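*Asks:* Quick one: the structure is below, questions incoming.
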Amino acid sequence: MYGKDLIKELKSELSGRFEDIVLALLLKSSDYDAMCLHKAIEGLGTDEGALIEILCTRSNKQILDIKQAYKTLFRRDLEKDILGDTSGHFGRLLVSMTVGNRDENSNVDVARAQADAKALHAAGEKKWGTDESKFNSILAAQSIAQLQRVFDEYQKLSGHTIERAISSEMSGDLKQGMTTIVKVVRNSAAYFAEQLYTSMKGLGTNDRQLVRVIVTRCEVDMVQIKQEFQRNYGKTLESFIAVSSTASRAPCAEHCCCCGVWDACWGSLSIVAIIITKDN
């Protein structure tokens, strides 16, 4: 209509977190996830939390789309880049997740669940040392419904939760990755509510994590996430963000809307508040 590229025009006019949010909302979800993964890997240091949050929560189709987007955008192979930036059992877990080969059958095989529960118990608490590969092979491949039954059978067998077993048998990034899979299997909305809470609690705000969760879930399950947030933390997500925005001295979103202040001074947290309060 105007003979201009919208994204290029926005990039020339915006900056900072405001630019990040606006541009993210214009991208395909697979492109945005691919860009977040690339940012988590490139340069010195690795954002393991971002790798875990994306790779351990997406569906098979989403993973395959992300891999293709990554190759198209960066002319690189995602699996190779992950292997080059991570190591050990944690690296192998992430590579397993990038395969995008989780069973998506909704049927539950009770006998198999009981066998898998015994295998996990034998690989962890009943073994001197932990067979992490057994946890990997089950948690990265079984369907959501099947894993829910496996976890139930594990608790019957051992007397406590699979989360407790992972916490006692593993550490660091591997522990976080395995725990994330379990949380998503249990209740994915509660997991993302927790990610939002941890991005804002305490001094300062992890804007990158906050923006990433809001952008990727705002048209997926934000209604359920908001419900879980209020249930688990006793406050609405909107009010929690408003407090964080005030603490960060971000300008009021309503004031910006009324005055037409569309520039970089519009705090990213205020924009996020607008996104999550809209109907989903």
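The values are calculated or read from the model by the stated rules, or taken from the named source; none is laboratory data. Predicted, not measured: the structure shown is a model, and the values here were computed from it. Every residue, glycine among them, receives a Cβ derived from its backbone with ideal geometry; neighbour counts consider all protein chains shown. In case anyone asks, the SASA skips ligands and DNA or RNA and just uses the protein heavy atoms, side chains included. Shrake-Rupley method; radii C 1.70, N 1.55, O 1.52, S 1.80 Å.
*Asks:* Since A115 meets every condition but one in (1) in contact with a helix residue (DSSP H, G or I) (Cβ under 8 Å, 6 or more places away or on another chain); (2) part of a helix (DSSP H, G or I), which condition does it not meet?
*Replies:* (1)
*Asks:* Against the condition in contact with a Lys or Arg (Cβ under 7 Å, 6 or more places away or on another chain) and open to solvent by less than 20 Å² (accessible area, probe 1.4 Å), how does L93 come out, does it pass?
*Replies:* Against the criterion (in contact with a Lys or Arg (Cβ under 7 Å, 6 or more places away or on another chain) and open to solvent by less than 20 Å² (accessible area, probe 1.4 Å)), L93 does not qualify.
*Asks:* Do the conditions hold for Y32, that is, is it within 25 Å of A189 (Cβ to Cβ), assigned to a helix (DSSP H, G or I) and among the hydroxyl-bearing types (S, T, Y)?
*Replies:* Judged against the criteria, Y32 is a match.
*Asks:* Another one. For A115, are the conditions met, namely being open to solvent by 20 Å² or more (accessible area, probe 1.4 Å), over 18 Å from V182 (Cβ atoms) and free of Cβ contacts under 8 Å to residues at least 24 places away in the same chain?
*Replies:* For A115, the condition - open to solvent by 20 Å² or more (accessible area, probe 1.4 Å), over 18 Å from V182 (Cβ atoms) and free of Cβ contacts under 8 Å to residues at least 24 places away in the same chain - is met.
*Asks:* Does E104 count as at pLDDT 95 or above, of a type outside the set (A, V, I, L, M), under 21 Å from C56 (Cα atoms) and open to solvent by 40 Å² or more (accessible area, probe 1.4 Å)?
*Replies:* No: the conditions fail for E104.
*Asks:* So, in segment 38-60, of the ones that are in contact with a Gly (Cβ under 9 Å, 6 or more places away or on another chain) and part of a helix (DSSP H, G or I), which residue ends up surrounded by the most Cβ atoms within 10 Å (Cβ to Cβ)?
*Replies:* So the residue we want is L55.
*Asks:* In segment 133-222, which helices (runs of 4 or more DSSP H) lie fully inside it and hold 3 or more residues that are under 30 Å from A242 (Cα atoms), touching a residue at least 40 places away in the same chain (Cβ under 8 Å) and open to solvent by 40 Å² or more (accessible area, probe 1.4 Å)?
*Replies:* Passing ranges, in order: 172-200.
*Asks:* Related question: Scan segment 68-90 residue by residue and report those that are over 24 Å from D131 (Cα atoms), without any contact (Cβ under 8 Å) to a residue 24 or more places away in the chain and open to solvent by less than 70 Å² (accessible area, probe 1.4 Å).
*Replies:* D77
*Asks:* Could you give every pair whose Cβ atoms fall below 7 Å, whose first residue belongs to segment 38-53 and is in contact (Cβ under 8 Å) with a residue 24 or more places away in the chain and closer than 18 Å to F90 by Cβ, and whose second residue is among the acidic types (D, E) and open to solvent by less than 60 Å² (accessible area, probe 1.4 Å), counting only separations of at least 6 or pairs across chains?
*Replies:* Partner pairs satisfying both residue conditions: I41/D81; I41/D85; T46/D85; E48/D173.
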